[in-house]
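What follows is a set of notes on a single structure, which appears directly below.
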Amino acid sequence: MLKVENLYVNYGNVEALHGINLEVQEGEIVTILGANGAGKSTTLLTISGLLKPARGQIFFGDIEISKLEAHDIVKLGIAQVPEGRRVFSTLTVQENLNLGAFTVENDSKIKQVLDWVFHLFPRLKERRQQLAGTLSGGEQQMLAIARGLMANPKILLLDEPSLGLAPILVKSIFSTIREINQSGVTVLLVEQNARSALKLAHRGYVLEVGRIVLSGDAKKLVSDPAVRKAYLGG
Amino acid sequence: MELFIQQLTNGLAIGSIYALIALGYTMVYGVMKLINFAHGDLFSIGAYLGLTFLISFGLVDKVGAPVAILIIMLMVMGLVGLIGILLERVAYRPLRKADRLAAVVSALGASIFFSNSLMLIYGAKFRVYPHNLLPKSYITILELHIPVVRILLLLVSFILMACLYLFVQKTKTGTAIRAAAIDQGAARLMGINVNKIISIVFFIGPALGGAAGIMVGLYYGQVNFLMGWLYGLKAFIAAVIGGIGNIPGAMLGGLILGVIESLGAAYISFAWKDAIAFFVLIVILIVRPTGILGERVAEKV
């Protein structure tokens, strides 16, 4: 469904990704693990078209998307929940959700997805008229995910949804991600929280300073000695 | 009391002009974090285009003054808006990734280009607007005689501002403009074409400035190629008073500045009118640098 081939990306004069390959099949949850600065967010931002690759290709189905504009990529069905949530803090929860559905033309479809995200996150329904900036960190993360879903995506890119959240909230967010996946949305999840991510995902990639050093089934990665040592505390 | 009310209404009228121009500064700043220093000259262009249309098509004779002025105003708004879009394409878009200062210098260059073009086309002297178009009558409220023109000017400004406010608050495109002003990257991830949003902002702002230009021409009766400089500066002060980037702030700031200036001119000295405006700016910058309605800007760490 999504295929990244030999991707090189520069940040200014620094090369952040040195030729990575990865693939996500329809219906999967795939996770990219790695430490700070490994290039995880760079990978997602490049898929979404906010960064342009120096070399390499990105295919979504049969379409090569690496030269497309960000808004066209969203229209194809790739939505991203960015790192640090980045909700529009001076707009209401409802306005944030409406913006998530910016590319969706069909009003009854929007209504249907809105009902679904309110079912996933009932808290947001209670707070729909509140400004997004007044929500707690966990609620803002819920809003960011809900906003991403409003685009009615085929694949959802999640950039560190557990960042800065209490363990109990992480658990609930991750089980919601599973529920989202089970209703047919493919998920590409970037995480530092390797334990939770590998429990959730079908497959995983390990990224180290711009290169993929390991990949495989999540179950296999959990028991891999190198992964255990570096990411799971031995 | 009579003097006070007269100066107050006059201040509101001129303040609503400042507000219309200030909206252009504040909307562009909101989305691009750039002060469009050529904005005052777009206002001048509006004033001159209005003059040309009023005297050349004979529209006034055909449909009568009120309808003619309305049509011409819409034409001027559309044309100045298009010039605004063009300005952004030519002077700002190529510098999007450049140093912030480069865009400011480009803006100043565009300002000089526009004002000198006006001088070459229309001449350096003051040009006079047709003076028989608007009613000369007064309406009397509680023994106060208020010119009808003043009330019309206030009315038109408020209608324009109300339309803008509803557009920005209630429509999908308006919400996208507000989103792009908060976080351009996140807005792009929502599928918003930020370049298109910038073009829309560069249409609306100059269109309102152009409307203000023709209104000043009609209200004061004369225009000059350098008029955009002082009006632009005053409107910029108004935008800062209200909180730059904030749309209701620009409206409020314009009205406050107009009233203070007008009352200052009456009760202190007319000669000090401009100095009073700049004094207000200094006070605001010291006491409340983010402006009356401006939010505290949290720097991202």
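For the listed residue pairs A:Lys3/A:Lys229; A:Lys109/B:Lys97; A:Lys75/A:Lys171; B:Lys33/B:Lys234; A:Lys40/A:Lys154, the alpha carbons are over 27 angstrom apart in A:Lys3/A:Lys229; A:Lys109/B:Lys97; A:Lys75/A:Lys171.
Counting Lys and Arg as +1 and Asp and Glu as -1 over every other residue whose Cβ lies under 10 Å from the Cβ of A:Val81, the net charge comes to 0. Legend: ranking of residues A:Met1, B:Met32 from fewest to most surrounding C-beta atoms inside 10 Å; resulting order A:Met1, B:Met32.
Note on the stretch A:52-75 and the stretch A:136-210: Cα centroid distance 22 Å, given to the nearest whole angstrom. Taking a cut-off of 20 Å, what percent of all Cα-Cα pairs in the stretch A:118-186 are separated by more than that? Cα-Cα pairs in the stretch A:118-186 separated by more than 20 Å: 25 percent. Taking every residue in A:65-75 and counting other chain Cβ atoms within 10 Å of its Cβ, the average works out to 3.
Kindly express, to the nearest 10 degrees and within the range 0 to 90, the angle between helix B:227-242's C-alpha long axis and the longest C-alpha principal axis of chain B. That works out to roughly 60 degrees.
Counts of other chain beta carbons within 10 angstrom of each beta carbon in peptide B:176-186 average 5.
Peptide packing for A:145-156, A:32-43 was compared via the average number of neighbouring C-beta atoms within 10 Å per residue; ordered from the highest value, the list is A:145-156, A:32-43. Report note on the peptides A:116-125, B:232-241: ranked by the mean count of other C-beta atoms within 10 Å, highest first, their order is B:232-241, A:116-125. Relative to the dominant Cα principal axis of chain B, helix B:2-32 is inclined by about 20°. Counting Cβ atoms of other protein chains within 10 Å of each residue's Cβ and taking the mean over peptide B:100-110 gives 0. Counting other Cβ atoms within 10 Å as a rough exposure proxy, the listed residues B:Ser106, B:Ser137 run B:Ser137, B:Ser106 from fewest neighbours to most. Note on B:Leu230 and B:Ala65: with the Förster distance fixed at 25 Å, the Cβ-Cβ geometry gives a FRET efficiency of about 0.35. In terms of packing, defined here as the mean over residues of other Cβ atoms within 10 angstrom, the peptides A:100-112, B:201-213, B:138-150 line up highest first as B:201-213, A:100-112, B:138-150. Under the criterion of Cα pairs below 8 Å and six or more residues apart, the relative contact order for chain B equals 38 percent.
3J(HN,Hα) along the stretch A:177-189, derived from phi through the Karplus expression 6.51 cos²θ - 1.76 cosθ + 1.60 where θ = phi - 60°, amounts to 4, 4, 4, 4, 4, 5, 8, x, 9, 6, 10, 10, 10 Hz, with x in place of Gly and Pro.
Annotation: the residues B:Asp183, B:Asp41, A:Asp159, sorted from fewest to most other C-beta atoms within 10 Å of their own C-beta, follow the order B:Asp183, A:Asp159, B:Asp41.
The mean sequence separation of alpha-carbon pairs under 8 Å and at least six residues apart, normalised by the residue count of the stretch B:138-219, gives a relative contact order of 22 percent.
Any read-out appearing in this document is the output of simple, stated calculations on the displayed coordinates, not a laboratory observation. Just so we're clear, the structure is a prediction, and the values are computed from it rather than from any experiment. Please note: Cβ atoms are built from the backbone with ideal geometry, for glycine as well, and neighbour counts cover all protein chains shown.
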